[in-house]
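I have placed the structure first, in the form of structure tokens, so that the comments after it can refer back to it.
The values are calculated or read from the model by the stated rules, or taken from the named source; none is laboratory data. None of these values were measured; they are calculated from a predicted model. Glycine gets a Cβ as well: all are built from the backbone with ideal geometry, and neighbour counts include every protein chain shown.
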């Protein structure tokens, strides 16, 4: 169960010994996810969840094998995202992260201005996806023209800024011999970086945590594999997202008058090539939503998991310290073995399918368990081992694969690499503090609630 402050009670979690013990979505299950993956791989690599499909008479299926998930994510036409209408969810009193509101108003095609209380505002992300990237060709165009220059292939433009901001955070605690690593580094760094990239003023940075938490609320507090929120939770989320949308609207007005070298200014001016027009305000808000969703928590979790791995493996810390060329390999291997987002129910079957000899009917929702696929022993030799000499380092599924890889993977990788290059310069050794806690937040993300570490400063 989860307390009102969001801290998970892991006392309910039990280490699974058989397939009957496995429930990836039970309270406290995060503690034993990897033990569960071994059982699922062995006994039920395609695991049925009765009644959890696109309708009450269809099922959900958890896919855990690398080959199955890689196959699914590369074919968006055969395995599209599930579309859940709000009317379908009224009976259960819950709404989902990918719910499509019945009263959504598509944005104007003439670049018109969205108002603060426009119904489309709450659906900005969904609207922008359906408008700007509804198919494979437009998805590629969206990525190439709108996001790659800032957070994808063009992320290197942010290297100097990331280095400066990371060093500034380290300066605040480097003389203390100990640090709560998440609150004093892993969390604020991606917030500051994304604020700079998007073009938010510095005073907004404290609010990014609140807005970021709201955006991932379904993935933390949502029920079951579909991450469904109650009506009350959904209402709370919508209020916070509306606040974020209002801020973006204010920023858009300012950027149109005084454009700067940032992503929001760029989005207000760019002519989107497939449509030969400027983006609407709702479309821009949707892109900003996506940047916050993908650019905050996941990078935070990756960096904090890397710190834990180095605390457990001082010989690895020393190896990286002696040879910085191995940092890239370290980043990729840690992303593989400790994927920040462990799984998502983001695809469905449009026809009868078969995975691992299991028949999966049309209309089934597929929960893609990336964390399990990344430690599949049939794909990765010694899958739980950090191997800096491993071939095809980027083969993991943490950022998905194919054309629909995470658009912000470039800047996330850059932040992680810069982080450890700087910390290896400034720290001689690292270890867990005696009072370190290892509680995970609830949900489908691998997020520690805090990480107290001791370190020796480099002379």
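Quick notes
- Candidates 240, 228, 208: the one that is modelled with pLDDT under 90 and touching a strand residue (DSSP E or B) at 6+ places or on another chain (Cβ under 9 Å) is 228.
- Residue 333 loosely packed, with under 14 Cβ neighbours inside 10 Å and over 15 Å from residue 58 (Cβ atoms): no
- Subset of segment 385-394 [assigned to a loop (DSSP other than H, G, I, E, B) and surrounded by 13 or more Cβ atoms within 10 Å (Cβ to Cβ)]: 386, 387, 388, 390
- Residue list for segment 24-50, filter: in contact with a helix residue (DSSP H, G or I) (Cβ under 7 Å, 6 or more places away or on another chain), farther than 22 Å from residue 340 by Cβ and in a loop (DSSP other than H, G, I, E, B): 44
- Number of the exception - residue 200 against (1) within 21 Å of residue 247 (Cα to Cα); (2) assigned to a helix (DSSP H, G or I); (3) modelled with pLDDT under 95: (2)
- For segment 439-459, a residue qualifies if it is out of contact with any helix residue (DSSP H, G or I) (no Cβ under 8 Å at 6 or more places or on another chain) and either buried (at least 19 other Cβ atoms within 10 Å of the Cβ) or not in a strand (DSSP E or B) (or both), and the qualifying residues are 455, 459.
- On inspection, residue 87 qualifies as modelled with pLDDT under 50 and not in a loop (DSSP other than H, G, I, E, B).
- Selection status of residue 356, surrounded by fewer than 21 Cβ atoms within 10 Å (Cβ to Cβ) and touching a strand residue (DSSP E or B) at 6+ places or on another chain (Cβ under 6 Å): yes
- Residues (in contact (Cβ under 8 Å) with a residue 24 or more places away in the chain and surrounded by fewer than 21 Cβ atoms within 10 Å (Cβ to Cβ)) located in segment 230-240: 230, 231, 238, 240
Rundown of residues vs (1) over 16 Å from residue 329 (Cα atoms); (2) at pLDDT 95 or above; (3) out of contact with any strand residue (DSSP E or B) (no Cβ under 6 Å at 6 or more places or on another chain), yes/no style:
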{"position": "389", "(1), (2), (3)": "no, yes, yes"}
{"position": "398", "(1), (2), (3)": "no, yes, yes"}
{"position": "409", "(1), (2), (3)": "no, no, yes"}
{"position": "416", "(1), (2), (3)": "no, yes, yes"}
{"position": "419", "(1), (2), (3)": "no, yes, yes"}
{"position": "423", "(1), (2), (3)": "yes, yes, yes"}
{"position": "438", "(1), (2), (3)": "yes, no, yes"}
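- Of 6, 53, all but one fail to be modelled with pLDDT under 50, outside any helix (DSSP H, G or I) and within 25 Å of the chain's Cα centre (by Cα); the exception is 6.
- Of the residues making up segment 175-186, just one is surrounded by fewer than 22 Cβ atoms within 10 Å (Cβ to Cβ) and touching a helix residue (DSSP H, G or I) at 6+ places or on another chain (Cβ under 6 Å), namely 182.
- Some residue of segment 352-362 being touching a helix residue (DSSP H, G or I) at 6+ places or on another chain (Cβ under 8 Å), in contact (Cβ under 8 Å) with a residue 24 or more places away in the chain and on the phi > 0 side of the Ramachandran plot: yes
- The listed residue being surrounded by 14 or more Cβ atoms within 10 Å (Cβ to Cβ) and modelled with pLDDT of 85 or more, out of 59, 43, 20: 59
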